[in-house]
Amino acid sequence: MSVKSGDMIYFQFQAVEGDQTEIYQSIVGRADNDSLYIGPLSHKKSSSGKKLTLGEELYAYYLIDNEIKHYFSTIVTGFDSTSSLSRIRKPLQEEISVVQRRQYLRVKAQIEVAVKKEDHRFVAITDNLSAGGLSFTTDVMNKVQKNDVLECWLLIHMKNGKIDHIPLTAKVMNVLDSTSLTPRYLLEYTVISETDRQKMIRYCFERQFDFRVL
């Protein structure tokens with residue numbers, strides 16, 4: 001189901017100070033085949049406003065049945081001076097990513113992750129990740145097993161050029177291809193700060209957008 005007139009859209013922005021993500025919201029005033037016309041943006045918590053600029057790239061989502069998040073990327077294409085509405089590009093249906101509200105968007109990503117298991121340290125490569133977990137492959141000699149608790153450190157490169165260092169603790173939930181020389185381990189985060197989780201959400205959203213435009 002595509003976004004339509006009357007829907008509330010939520011926009012994600014990097015905070016001016018600090019590393020957190022700020023959420024603004026707006027109602028779709030009207031829609032046509034190519035564009036959405038949205039009202040003024042207001043902060044989800046403080047109700048303060050935010051001004052958009054022509055050509056600005058936006059990351060957004062809307063909810064269906066208050067449970068399912070529909071993520072998409074768009075761009076500001078103009079302004080309607082008579083109605084105070086901003087015009088943004090309407091996403092194609094295939095450009096919208098659907099994620100259950102209690103789940104996190106998962107994307108393919110090859111990132112080095114430093115891992116510590118008790119006194120043993122090694123570096124692995126992720127094959128996908130989300131704000132709730134990741135999977136990586138490593139040499140079988142590292143002897144990681146199901147239910148192990150690992151300390152991990154990730155370096156993620158954001159689209160704006162910033163590099164974020166994310167420490168976390170994760171539990172090994174499953175081991176795939178356990179008989180191969182490079183097994184694949186599925187991890188779920190057990191300790192991660194909310195600020196770092198928001199960074200991961202932002203990173204995954206940016207990665208998903210990159211895949212859409214390739």
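The values are calculated or read from the model by the stated rules, or taken from the named source; none is laboratory data. Treat the numbers as computed from the prediction; the structure is a model and nothing was measured. Reconstructed Cβ throughout: ideal geometry from the backbone, glycine too, with neighbour counts over all protein chains shown. Accessible surface areas use protein heavy atoms only, side chains included; no ligands, DNA or RNA. Shrake-Rupley method; radii C 1.70, N 1.55, O 1.52, S 1.80 Å.
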| query | Relative contact order (percent) for the chain, with alpha-carbon contacts under 8 angstrom and 6 or more residues of separation? | reply | 14 percent
| task | Would you mind getting the accessible area per residue of the stretch 125-214, heavy atoms of the protein chains only, 1.4 Å probe, in Å²? | result | 51 Å²
| message | Using +1 at the C-beta of Lys and Arg and -1 at the C-beta of Asp and Glu, which of ASN128, ASN147, ILE38 has the Cα lying farthest in the positive direction of the dipole of the chain? | response | ILE38
| request: Mind telling me which of LEU150, LEU176, LEU105 comes out most flexible in a GNM of the chain, alpha-carbon contacts under 10 Å? | output: LEU176
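Take the Cβ-Cβ distance between GLN145 and SER42 as r, set R0 to 41 Å, and report the resulting FRET efficiency rounded to the nearest 0.05. Kindly include the intermediate steps, with their values, before the conclusion.
Working: r = 49 Å, r/R0 = 1.21.
Using R0 = 41 Å, I get an efficiency of 0.25.
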| query | Under 27 Å Cα-Cα from LYS90, which lysines qualify once same-chain neighbours fewer than 8 residues away are excluded? | reply | LYS4, LYS44, LYS45, LYS50, LYS51, LYS69, LYS108, LYS159, LYS199
| task | Mind ranking 85-97, 38-50, 163-175 by how tightly packed they are, going by the mean number of other C-beta atoms within 10 angstrom, highest first? | result | 85-97, 163-175, 38-50
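Roughly how many percent of the accessible protein surface of the chain is carbon and sulfur, given a 1.4 Å probe and a whole-percent answer? Present the calculation step by step, with values, prior to reporting the outcome.
Numbers: 5750 of 11780 Å².
Ligands and nucleic acids excluded, carbon and sulfur give 49 percent.
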| Considering the values (1) 15.9; (2) 14.3; (3) 13.4, which represents mean projected area of the Cα convex hull in nm² as calculated for the structure under consideration? | (3)
| remark: Tilt, helix 194-213 to longest principal axis of the chain (alpha-carbon atoms), in degrees rounded to tens, equals 70 degrees
| Percentage relative contact order, the stretch 108-165, counting C-alpha pairs under 8 Å, at least six apart | 33 percent
